[in-house]
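The values are calculated or read from the model by the stated rules, or taken from the named source; none is laboratory data. Worth saying up front: this structure is predicted, and the values here are computed from it rather than measured. Glycine also receives a Cβ, built like all others from the backbone with ideal geometry; neighbour counts cover every protein chain displayed.
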Amino acid sequence: MNRLLSLFASAALALGGATFLASHTAVAADSAPTTTIKPLKVLLVTGGCCHDYSRQKEILKQGISARTPAEFTIVHEGDNKTDHKHSIYANKDWWKGYDVVIHDECSASVKDIDFIENVLAAHKAGVPAVVLHCGMHNYRSEGFPNKTPWFEFTGLKTTGHGPQQPISLTIVDKESPITQGQPEWTTINEELYNNVAGGVEATAKPLIKGKQTITDKKTNEKKDVETIVAWTNDYKGTKVFATTVGHNNDTVADARYLNLVTRGLLWSVGKLDDKHFKASDQNVDVKAIKVEPKPDAKKASASAVRPGIEILKDVPCCGNE
Ligand SMILES: [Zn+2]
């Protein structure tokens, strides 16, 4: 009898467990509809001068994937160089199969107009884009710093930045779907990119401005500098979201930044809604990201950074003051 009872109890427990699992799964499915959504195919192109792209690519992948279903393809090349031409862009129709491209590459010294036009061909063909931080300083072809094909694409002319100081962010377009529910915050030490034309291009709409208080090294006087740091652009009918914020890993890993970038990305593909976007207050844990040390990293930076810095002496960017 005892044995029978015990068997019965085990069966009941197993059944109860199964029932719990079934109902739990049902609840999870109801409250997380994003799991049934087809993931966005995201192409992240990264690498080049002056940033920790080995970690930042992981931060972006983890942070964006935690907020919307996304499948990342990452092209990471050219670290410590300002003149690297990412190999994928040499291909015809390099954008085929992707829903959106994140330009996080930093190649200020690439001026080859045929190469640049092949990068832009994707967006002329209607592929939406997100442009981050040094992505704005890419491709300084003839006409720089006034009119270049890259500035026409990004929607804002910028040539450099001041010292690393906190940036206080203020939303200027409270009606934009991208800024809905977004907080205004002050970053850690960051680079405030200049706006050489005083703001965005006619095709662009400012979303967020950033203010730094900087001290003049000679006179010790403090002054406020304010520029547009996030905006959208209509590039020949293609949606582009851009932000100049994001030099340091801890800024990129900040939940508020990742919410903003994910909202911008979803807006660019026409999917910024509750079904696709789940806000998160979780920062990405930068220390948990393991990066393989490159044995020739020192040699590469000694031989490659110097010419780049030299080229950028008159128009500082990418980590230089
Ligand atoms: Zn930077």
Revision key, fill the gap. Those residues of the range 131-140 that are touching a Phe, Trp or Tyr at 6+ places or on another chain (Cβ under 7 Å) and either over 16 Å from TYR89 (Cα atoms) or part of a helix (DSSP H, G or I) (or both) come to a total of 1
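Tally up the residues in the range 74-108 that are hydroxyl-bearing (Ser, Thr, Tyr) and farther than 14 Å from GLY47 by Cβ, please.
Of the residues in the range 74-108, the ones hydroxyl-bearing (Ser, Thr, Tyr) are 82, 87, 89, 98, 107.
Narrowing the set further to residues that are farther than 14 Å from GLY47 by Cβ leaves 98.
Of the residues in that region, 1 qualify.
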Revision key, fill the gap. Taking the range 211-250 and keeping only residues that are more than 13 Å from SER268 (Cα to Cα), of a type in the set (Val, Ile, Thr) and over 11 Å from the mean Cα position of the chain (by Cα), one is left with THR213, ILE214, THR215, THR219, VAL225, THR227, ILE228, VAL229
Review point. Can you find a residue in the range 89-98 that is modelled with pLDDT of 95 or more, within 22 Å of the chain's Cα centre (by Cα) and part of a helix (DSSP H, G or I)?
Key: yes
Revision key, fill the gap. From the option list THR186, THR262, single residue qualifying as touching a helix residue (DSSP H, G or I) at 6+ places or on another chain (Cβ under 7 Å) and among the hydroxyl-bearing types (Ser, Thr, Tyr) is THR262
Practice item. Among the residues of the range 152-193, write down those that are more than 14 Å from PRO206 (Cβ to Cβ), crowded, with 23+ Cβ neighbours inside 10 Å and away from the ligand (no atom under 16 Å from the Cβ). Key: PHE153
Exercise for review: Name the one entry in THR154, THR159 that is in contact with a Lys or Arg (Cβ under 9 Å, 6 or more places away or on another chain), closer than 19 Å to HIS103 by Cβ and touching a residue at least 60 places away in the same chain (Cβ under 8 Å).
Suggested key: THR159
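If only one of VAL245, VAL240 is away from the ligand (no atom under 16 Å from the Cβ) and under 25 Å from THR82 (Cβ atoms), which one is it? Reasoning before the result, please.
Numbers: VAL245 fails: away from the ligand (no atom under 16 Å from the Cβ).
The conditions single out VAL240.
Results for (1) surrounded by 12 or more Cβ atoms within 10 Å (Cβ to Cβ); (2) of a type outside the set (D, E, K, R); (3) modelled with pLDDT under 95, shown as yes or no for each residue.
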| position | (1), (2), (3) |
| --- | --- |
| THR251 | yes, yes, no |
| LEU260 | yes, yes, no |
| GLY270 | no, yes, no |
| CYS317 | yes, yes, yes |
Exercise for review: Pairs only if they're at least six apart or on different chains, beta carbon under 9 angstrom, first in the range 107-133 and away from the ligand (no atom under 16 Å from the Cβ), second of a type in the set (S, T, N, Q) and assigned to a helix (DSSP H, G or I); list them, first residue then second.
Suggested key: PRO128/SER268; ALA129/THR154; ALA129/SER268; VAL130/SER268
Review point. Just to be sure, is ILE309 modelled with pLDDT under 95 and over 19 Å from ARG55 (Cβ atoms)?
Key: yes
Review point. In the range 269-286, is there at least one residue being of a type in the set (Gly, Ala, Ser), in contact (Cβ under 8 Å) with a residue 60 or more places away in the chain, within 18 Å of GLY155 (Cα to Cα) and out of contact with any Asp or Glu (no Cβ under 7 Å at 6 or more places or on another chain)?
Key: no
Point to revise | Lone qualifier among LYS287, LYS239, LYS217 - being at pLDDT 95 or above, of a type in the set (Lys, Arg) and exposed (fewer than 15 other Cβ atoms within 10 Å of the Cβ) | key: LYS287
Practice item. Of all residues in the range 220-231, count the ones that are of a type outside the set (A, V, I, L, M) and crowded, with 22+ Cβ neighbours inside 10 Å. Key: 2
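Can you spot a residue in the range 46-61 that is under 25 Å from the mean Cα position of the chain (by Cα), at pLDDT 50 or above, among the acidic types (Asp, Glu) and within 16 Å of the ligand (Cβ to nearest atom)? Step through it out loud before you land on a result.
Just the residues of the range 46-61 that are under 25 Å from the mean Cα position of the chain (by Cα), to begin with: 46-61.
Cutting the leftovers down to at pLDDT 50 or above gives us 46-61.
Narrowing further to those that are among the acidic types (Asp, Glu): 52, 58.
Retained after the next criterion (residues that are within 16 Å of the ligand (Cβ to nearest atom)): 52.
Within the range 46-61, one or more residues are under 25 Å from the mean Cα position of the chain (by Cα), at pLDDT 50 or above, among the acidic types (Asp, Glu) and within 16 Å of the ligand (Cβ to nearest atom).
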